[in-house]
1. Being within 24 Å of E68 (Cα to Cα) and out of contact with any Gly (no Cβ under 8 Å at 6 or more places or on another chain) is the filter; apply it to segment 126-139 and report the residue that is surrounded by the most Cβ atoms within 10 Å (Cβ to Cβ).
2. Any chance segment 109-125 includes a residue that's surrounded by fewer than 18 Cβ atoms within 10 Å (Cβ to Cβ), small (G, A, S), modelled with pLDDT of 95 or more and farther than 17 Å from G30 by Cβ?
3. Looking only at segment 44-90, which residues are near the ligand (Cβ under 9 Å from one of its atoms) and open to solvent by less than 30 Å² (accessible area, probe 1.4 Å)?
4. Would you confirm, using the coordinates I've provided, whether V79 is out of contact with any Gly (no Cβ under 8 Å at 6 or more places or on another chain), at pLDDT 95 or above and not in a helix (DSSP H, G or I)?
5. If we keep just the residues of segment 113-139 that are outside any loop (DSSP other than H, G, I, E, B) and in contact with a helix residue (DSSP H, G or I) (Cβ under 6 Å, 6 or more places away or on another chain), which is nearest to K86 (Cα to Cα)?
6. Those residues that are away from the ligand (no atom under 13 Å from the Cβ), surrounded by 14 or more Cβ atoms within 10 Å (Cβ to Cβ) and in a loop (DSSP other than H, G, I, E, B), I need them from segment 91-108; list them, please.
7. Does A35 count as away from the ligand (no atom under 16 Å from the Cβ), open to solvent by less than 20 Å² (accessible area, probe 1.4 Å) and touching a residue at least 12 places away in the same chain (Cβ under 8 Å)?
Amino acid sequence: MEKAEIRTLIRAAFEGQGFAYAPYSRFHVGAALRAKDGRVFKGCNIENAGYTATNCAERTALFKAVSEGVREFDAIAIVGSKAGEKNTLVTGPCGVCRQALYEFGGPGLTVIMAKSEEDYIVTTLGKLLPYGFGPANLE
Ligand code: THU
């Protein structure tokens, strides 16, 4: 991916982060998932007083897209930080989100974990979830 495209996707992830509902952890996460047709779906984490009902930003973005008929993706950008603080670590997708993304993105999905528009790591879902279990296993 070109630098300009990466920056655009990171900016969208920060926009998603702006809507995070995280009164319990105060950790605000944003994600921007780019479909193969170029559309970008933004997501934020949505916490719950019952804790386990919390939804991560990545899955919010994914479920928005899939529920609108979009199933093919090429990249996702993720940002996360404690409310009002600058992040010192990149936010990698949790294990559940890696699995959920694998279903539609497969090992080739580009994953951008960003601290800012200039400071980020680019990797692939295949590297984050080696030997992932996916639709092919059930054929
Ligand atoms: N969180 C995400 O939204 N995505 C991740 O990949 C890591 C964790 C959220 C869940 C919870 O609302 C907060 O961050 C702290 O775990």
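1. Filtering first and then ranking leaves P135.
2. Here is the first cut: in segment 109-125, the ones surrounded by fewer than 18 Cβ atoms within 10 Å (Cβ to Cβ) are 116-119, 121-124.
With small (G, A, S) added as a condition, the list becomes 116.
Filter again for modelled with pLDDT of 95 or more, leaving 116.
Restricting the remaining residues to those that are farther than 17 Å from G30 by Cβ gives none.
No.
3. Across segment 44-90, the qualifying residues are C44, N45, E47, A57, E58, T60, I78, G80.
4. Working: out of contact with any Gly (no Cβ under 8 Å at 6 or more places or on another chain): no; at pLDDT 95 or above: yes; not in a helix (DSSP H, G or I): yes.
Here the answer is no, as V79 does not meet what is asked.
5. A114
6. If the condition is that a residue be away from the ligand (no atom under 13 Å from the Cβ), surrounded by 14 or more Cβ atoms within 10 Å (Cβ to Cβ) and in a loop (DSSP other than H, G, I, E, B), then G106, P107 are the ones that fit.
7. Yes: the conditions hold for A35.
The values are calculated or read from the model by the stated rules, or taken from the named source; none is laboratory data. Keep in mind that what you see is a predicted model, and the values were worked out from it rather than measured. Every residue, glycine as well, gets a Cβ built from its backbone with ideal geometry; the counts of neighbours run over all protein chains shown. These accessible areas exclude ligands, DNA and RNA; they are computed on the full protein's heavy atoms, side chains included. Shrake-Rupley method; radii C 1.70, N 1.55, O 1.52, S 1.80 Å.
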